[in-house]
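What follows draws every value from the coordinates through simple rules; no lab data is involved. Keep in mind the model is a prediction, meaning the values are calculated, not measured. Positions of Cβ are backbone-derived with ideal geometry, glycine not excepted, and every protein chain shown enters the neighbour counts.
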Amino acid sequence: MGKTRRKQIIKLPFIVNKSTFVSTFLYYIFTLIVIYGTLLPVIAVVLYGIGGKGSDDTAAYLLRGAHYLYNSLLLAVPVTLTATFFAVLLSFTLWRFKFKGIGFFRVMALSPLLNPPFVGSLSFIMLFGKRGLITHDLLHLSVSPFGYWGVFIMQIISLTTLGYLFISSGVQNMQTIYEEAARTCGMSERKILTTVTLPLLKPEILGGMLLIFLASMADFGTPLIIGGPFQTLSSDLYIQITGTYDMRGASISGALLLVPCLMAFILQKKILKKRAYWGRDLQKYDLLYPHPSKRVQHTLIAICAIFFGMLILKYGFIIIGAFTNNWGHDYSFTLRHFVKLNEREWLPFVNSVKLSVGVGLGSALLGVLCADIIYKRKAAVSKWLEIVGTLPAAVPGILFGIGYLVTFKYPLFGISKFYWLSGPRIILLGTSIIIYIICIFRYMNVGLRSGMSVLAHLDPNIEQAAHTLGASKVRTFFTISLPLLKPAFQIAYMKIFASTMTTLGAIIFLLLPKNKVAVQQIFQIITSSEIGLGAAMSLSLSALMGVLMLAFYLLMHGKGILMALWRKNNEYNL
Amino acid sequence: MKKIFALLLCLLMAVAVLGCSPKAADEVPATDVAATEAETAEAPAEEPAAPAVYEGDNWSSAYYTEDMKGTTLNLYGVTDNVRPILDAFEADTGIRVEHLTMKNGEILQRLANESESGVAIADLWFTGGADTFIDAAQNGLLIPYKSPSGDVLDDKMKDPEGYWHGTSLTLVNWVVNKELIEERGLTMPTTWDDLLQEGLKGEVSMSNPASSGTAYNVVSAILETKGQEEGWKYLDQLIGQVPYFTARGSDPANNVVAGEAIVGINASNGDRELEINNPHIALVYPADGTGWWPQPVAIVKGTQHEDAAKVFIDWVLSKRGMKVVADERYAAVARTDIESPEGIVDISTLNMFVTDFQANAKNREGILEEWAKHVENK
């Protein structure tokens, strides 16, 4: 349905019409900019690693990288399968069944949006370490949490919720009429699940899987903090730069890291392309299973409860860590960490908010705009625009950051590297704008995706009508398309805001003394034995995010004041 | 047709933008020349027609002028603890210093990148391992400046050409979990050989010398004091005690605080707070000698505020600056003529390994290769 409808649009309105010269021109400029911000840095980092001076030792680097790549995959593949399994389970339990306390679970499931960075692993050590509260004091065991299993469990907990956010949106929009039809035909519930429900959800499940796989591959903080002897390619990349001062080695490792990420990315696209999927209409169906088996329901709820129990344990323990004298040893109440926090500069928090608001606006707009262009302009380039726009999602942040570093350390936005070695001093590296640019391009795929999904529901006739009445393309865009895309923009803005607040990998090598952000401070503090302060700071960051996101939510749903404020903010930040 | 035309125009524009740059490129050497001119112009002014030396309270600088107030300097360093020191400097001079905390290697990498692209973000580099400063000086990333305030420093504490001066001292010590020592009935370690006791097997935490300056310093210091043969024999035994080598120099201390290990080999800048905040932790300085290095300060090449940066060096090496450093970092400092705050280990009572930093930096690759072999044979 959706697919055929889309095809009609292509043939009908715009191409027949005189396409204004300006819009075509802008289109190419736009495409160039997107390629510039997303593709070039990735190519640059690969070239830098392989083509750099003294490239005879490339083989040795590759060998070293291969070992860590094996570790990365050894971790990412099981994590992806397990976390996706749990995420699907959670999505079904929380949206297709009804039971007491479901509201609480649903709210809890949104917690990764406010995840206090890094300290989750610390609370794991305090609970399950050699001297951990549970393992040692309760069970009298002495096991080391450092190593593969520590990282595995931490990633499962955090990535399941990430996958849930993605998969549950598919579950919520399911067209249960197909199930109903199967049921009427007398199919068993199990058969319905495997032949109707799950195939219907294939795009979301695969999308969630990809998301989890990429996040696991890119995660360098968890292995660094509790990996012990087990380090992955991402964390080794960080160690190579900070410990062995070896940028080229890091670039080669990075190029290796890119291979499985891109493969997963392409694979997902390929699988989804083979078959047409039912389009989604905006009608809401009753999601609840009509006659749920009690046994199944209880099992599912029990699994969910265990999962959320661990989540609560993790977050609860972080709160305890922030408010007690000596996390792990002396659990008497204190506010000293917050007093100390207050003595520190607040600037990093201000910078974090500025960055996140600026990037949220810029990136969501760019992404939505990109979606609009791809959707309406069916030139061959459009397909590539989509791929290029989503590419940064497949590139681990730390590698993307190195890409920017090696691209934009040359004058004239990096171009002079390929043409002239000395150019005018327009060098992005070392300016505060570069961290905005990198985040904007890194997250534009969020806006792109939500834009695409909203556009798929839109009635193309509205725009056509405007066009017939003589509105120019540009005008149509501003008066028709943009207002229609507002919900996509809002969703993307929230997601990007939250991601930017806690992002570190991409910007860690690009920060300046004057625009350091809170999450970088937390990372530093945690490595310096002041874990109580680290917990307090992480918690404060989460609280700040929560308050701001609530404020944004109220603003978005509180009529027109909003746009004016946004514009004001925008000017202020960019 | 129009589309093709648009594309062409697009390309044309791109080329036009690019085309502009060769013209502009000529300007770059010009600014470079200007910069060097400025430098040479300054150089003679330094000696004969020395401007009136500004005398502050316990500090002085020939470069300080009132109009520097409101200037902002950027500083790279390895610890956030420099903040109060920078605030004290601002109170004295009106010069604001913004700092960014990174790991040693990251700073080195950044300076190299920034020098390659000709952007100077940092004016100063304060705190870090002496080996990275030596590396940076050799690669032309620093500007030499022999501060008069640094004259009193011991020769070991500064670069002979003035590329860097030591401020506080980093001492290698052990972070020990007293609780666990008692619980397991072990003897509190006091000498390096005590680390080899049976009960500490798998309980000694040490970082990987390939990625941590602390561990590298320990390894090279042990080799220097015990000699190659004895040294490696000892290291082999030590390797047997360590379950795995952590990635970062800060990890062992964290492991011990969390109870994951009993003894952690740590680089300390005082770390009084670690003891105060964690009653179950003791800091032990090995009785038979320990590794150390100065935490230098240096001016980064390419700075636009060279004079202000020199004021900072003068200030931080002065009695006033060193006192602030000692008080704020709880650290032993390079100057011997100031009063140390209470609770700081007195370096005169310590047995410090003789350390040749230049040789350390030079032999690094060979030692690390050998180290890797010994770890494999474990």
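Assorted remarks:
- Positive end of the dipole of the range B:246-378 (Cβ unit charges, origin at the Cα centre): among B:299, B:318, B:286, the Cα lying farthest that way belongs to B:299.
- For the range A:38-50, 3J(HN,Hα) per residue [Karplus equation, 6.51 cos²θ - 1.76 cosθ + 1.60, θ = phi - 60°, Hz, x = Gly/Pro]: 10, 7, 4, x, 5, 4, 4, 5, 5, 4, 4, x, 8
- Options A:152, A:195, A:492, ranked by Cα towards positive dipole end of chain A, top entry (Cβ charges): A:195
- Size of charge dipole - the range B:234-355 - debye, nearest 20, with Cβ of Lys, Arg +1 and Asp, Glu -1, no other charges: 320
- Flagged links, alpha-carbon separation over 24 Å, of A:516/B:301; B:103/B:201; A:270/A:383; A:354/A:486; B:158/B:323: B:103/B:201
- Which listed pairs, of A:202/A:376; A:130/B:178; A:130/A:314; B:156/B:226, have C-alpha distances above 19 Å, in listed order: A:202/A:376; B:156/B:226
- Dipole magnitude (debye, nearest 20) for the range B:279-323, charges at Cβ of Lys, Arg, Asp, Glu: 160
- Taking the inverse of the mean 1/r over every pair of distinct Cα atoms in the range A:241-399 gives a Kirkwood hydrodynamic radius of 22.5 Å.
- Trypsin sites (Lys or Arg not before Pro) within the range B:82-145, DSSP loop, no more than 15 other Cβ atoms inside 10 Å: none
- Percent of C-alpha pairs per 20 Å bin, chain A, short to long: 19, 53, 26, 2
- Normalising the average separation of contacting C-alpha pairs (under 8 angstrom, six or more residues apart) by the number of residues puts the relative contact order of the range B:209-359 at 24 percent.
- Exposed trypsin sites (Lys or Arg not before Pro) absent - longest run of chain A, DSSP non-H/G/I/E/B, at most 10 other C-beta within 10 Å: A:276-558
- Straight-distance candidates among the aspartates and glutamates for linking to residue A:294, with alpha-carbon spacing under 16 Å and chain neighbours fewer than 8 residues away dropped: A:189.
- Mean sequence separation of contacting Cα pairs (under 8 Å, at least six apart), scaled by the length of chain A, corresponds to a relative contact order of 22 percent.
- About its Cα centre, the range B:162-260 has a charge dipole of approximately 260 debye under the convention of +1 per Lys or Arg Cβ and -1 per Asp or Glu Cβ, with nothing else charged.
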